[in-house]
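J.: Okay, handing you the structure first.
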Amino acid sequence: MENARLAEEFTGGKLLLFNKPPYWTSFDLIRKVKSVVRNRLKIKKLKVGHAGTLDPLATGLMIVCTGKETRNIEKYQSQPKEYLAKITLGATTPSFDLETAIDATYPTGHITQKNVEEVLAGFLGIQLQKPPDYSARFIDGKRAYSMARKGEAVNLQAREIDIMSIELLRFDLPVIEIQVICSKGTYIRALARDIGIKLDSGGHLTGLVRTAIGSFALEDALEIEDFERNLILL
């Protein structure tokens with residue numbers, strides 16, 4: 001009876017918060033949740049979706065919806081996102097993070113904490129941001145990252161984003177750590193690139209944690225192992 005009640009809850013619609021593990025794609029997490037729920041509760045068909053992709057190297061909050069709650073995904077996706085990001089200055093990579101190797105180095109001796117704070121302040125507000133070539137955007141039906149990995153030309157158009165808050169948390173060259181609150185569609189990897197450029201240097205993302213989506217917080221999220229182990233208790 002308990003399994004039947006839970007099965008009805010998941011198909012009727014459930015919202016779950018997860019801390020995405022490093023090296024997992026967002027789809028890996030969805031596939032795992034779907035598999036666990038279907039196998040444990042003997043559900044033949046179950047819709048599962050997420051409200052906002054995280055890059056494989058990133059960790060942090062993902063909202064996962066099941067059943068009829070998937071109808072509300074867009075509502076959750078549109079809410080502001082909060083991130084803690086570590087940026088290494090003085091070097092760039094094609095993907096703007098650690099997925100690809102360093103392709104160029106730049107001086108950092110001229111960079112001061114005041115410089116960084118001034119540059120960060122310049123990113124506040126609505127602006128256009130060019131997404132990374134290594135992104136999940138579609139170009140003529142193909143993923144941009146798939147084209148980039150093959151060395152094909154990628155021409156992504158800049159998109160409007162809104163950075164509502166950006167704060168320097170740590171200055172320890174060549175590394176800086178920042179907290180960012182931003183709109184849907186903001187690429188923190190691209191922000192790292194642009195910060196490096198504004199500092200007359202280079203920059204790439206070397207750590208990223210999503211700590212909040214709207215009013216939903218990472219501290220309330222489940223680890224996938226705990227979810228699998230304790231499904232019967234949810």
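Every number in this text was worked out from the coordinates using simple rules, so none of it is lab data. Given the structure is predicted, the values throughout are model-derived calculations rather than measurements. All Cβ positions, glycine included, derive from the backbone under ideal geometry; neighbour counts span all protein chains shown.
J.: In the stretch 49-60, is there at least one residue being under 23 Å from ILE181 (Cα atoms), surrounded by fewer than 18 Cβ atoms within 10 Å (Cβ to Cβ) and of a type in the set (S, T, N, Q)?
T.: yes
J.: If a residue must be closer than 30 Å to PRO132 by Cβ and part of a helix (DSSP H, G or I), how many such residues does the stretch 37-70 contain?
T.: Total satisfying the criteria: 1.
J.: Can you pull out the residues in the stretch 170-214 that are basic (Lys, Arg) and either farther than 19 Å from GLN77 by Cα or not in a helix (DSSP H, G or I) (or both)?
T.: ARG170, LYS184, ARG193, LYS198, ARG210
J.: Can you name every residue in the stretch 87-131 that is of a type in the set (Gly, Ala, Ser) and over 19 Å from CYS182 (Cβ atoms)?
T.: Residues satisfying the conditions are GLY90, ALA91, SER95, ALA101, ALA104, GLY109.
J.: Starting from the stretch 36-56, keep only residues that are of a type in the set (Asp, Glu), then list their pairs with residues that are in a loop (DSSP other than H, G, I, E, B) whose Cβ atoms are within a distance under 7 Å, requiring at least 6 positions of separation or different chains.
T.: Correct list of pairs: ASP55/ASP97.
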